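The values are calculated or read from the model by the stated rules, or taken from the named source; none is laboratory data. Given the structure is predicted, the values throughout are model-derived calculations rather than measurements. Glycine also receives a Cβ, built like all others from the backbone with ideal geometry; neighbour counts cover every protein chain displayed.
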Amino acid sequence: MRIRVIEEGDVPALFAVRVVTDENRRTREELTRQGITEASVCERLRGTFHGWLAEEDGRVVGFAIGDRATGELWVIAVLPEFIERGIGSELMRRVEAWLEENGCLELWLTTDLDPRLRAYAFYRHRGWEDWKEEGGMRYMRKHVGALGAGRQS
């Protein structure tokens, strides 16, 4: 398993992972309606977004991207057959560290409202807290750096 920084040429492979996740799955059409296309992701990566991917034998098996302008963990996705191998944890750790290095002391993400989903337990286990529910989504946040010092997760 190799983890490396995402490059623009990797974007098509990211979509191949994103559309087959077993939780919060989105089709390419749904992503396009949300303004998420290969071109828009490349544009974001040229701006304030940055991320890492995991690959095995040259195949992308997971990825995570954050936005230093807002502190958002924008996306994390791992192929179903690679879940429970620590890949998501390592990808998330790298994005969180990068966001903190870029001055983001409060990180946030959105996820499904259903707390029975594996993703919710994944985030909670890593110190993310419920923040609010809005627009049919659960917002979670995590304090890091100076704000996070001394906090119990």
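Is it true that some residue in region 71-89 is modelled with pLDDT of 95 or more, farther than 22 Å from Arg4 by Cβ and surrounded by 15 or more Cβ atoms within 10 Å (Cβ to Cβ)? Within region 71-89, one or more residues are modelled with pLDDT of 95 or more, farther than 22 Å from Arg4 by Cβ and surrounded by 15 or more Cβ atoms within 10 Å (Cβ to Cβ).
Say whether the condition of being of a type in the set (Phe, Trp, Tyr), more than 19 Å from Val20 (Cβ to Cβ), crowded, with 17+ Cβ neighbours inside 10 Å and free of Cβ contacts under 8 Å to residues at least 60 places away in the same chain is met by at least one residue in region 90-105. The answer is yes, given that some residue of region 90-105 is of a type in the set (Phe, Trp, Tyr), more than 19 Å from Val20 (Cβ to Cβ), crowded, with 17+ Cβ neighbours inside 10 Å and free of Cβ contacts under 8 Å to residues at least 60 places away in the same chain. Taking first residues from region 6-25 that are closer than 11 Å to Val60 by Cα and partners that are in a loop (DSSP other than H, G, I, E, B) and of a type in the set (S, T, N, Q), no Cβ contact under 8 Å between residues at least 6 apart in sequence or on separate chains turns up. Among the residues making up region 138-153, those that are at pLDDT below 90, not basic (Lys, Arg) and not in a helix (DSSP H, G or I) are Val144, Ala149, Gly150, Gln152, Ser153. Restricting the first member to region 45-60 and to residues that are closer than 19 Å to Thr21 by Cα and among the aromatic types (Phe, Trp, Tyr), and the second to residues that are at pLDDT 95 or above and outside any strand (DSSP E or B), the beta-carbon pairs closer than 8 Å and six or more apart or on different chains are Trp52/Ile6; Trp52/Leu91; Trp52/Arg94; Trp52/Val95. Of the numbered criteria (1) in a loop (DSSP other than H, G, I, E, B); (2) exposed (fewer than 15 other Cβ atoms within 10 Å of the Cβ); (3) out of contact with any strand residue (DSSP E or B) (no Cβ under 6 Å at 6 or more places or on another chain), the one Glu133 fails is (1). When Pro115 is tested against (1) more than 22 Å from Cys42 (Cα to Cα); (2) touching a residue at least 40 places away in the same chain (Cβ under 8 Å), exactly one condition is not met: (2). Among the residues making up region 69-107, those that are under 21 Å from Arg46 (Cβ atoms) and of a type in the set (S, T, N, Q) are Thr70, Asn102. Of the listed requirements (1) under 18 Å from Asn24 (Cβ atoms); (2) touching a helix residue (DSSP H, G or I) at 6+ places or on another chain (Cβ under 7 Å), Arg138 misses just one: (2). Consider region 75-121. How many of its residues are among the basic types (Lys, Arg) and within 16 Å of Trp52 (Cβ to Cβ)? Of the residues in that region, 3 qualify.
For the criterion of being at positive phi and in contact with a Leu (Cβ under 8 Å, 6 or more places away or on another chain), Gly103 fails.
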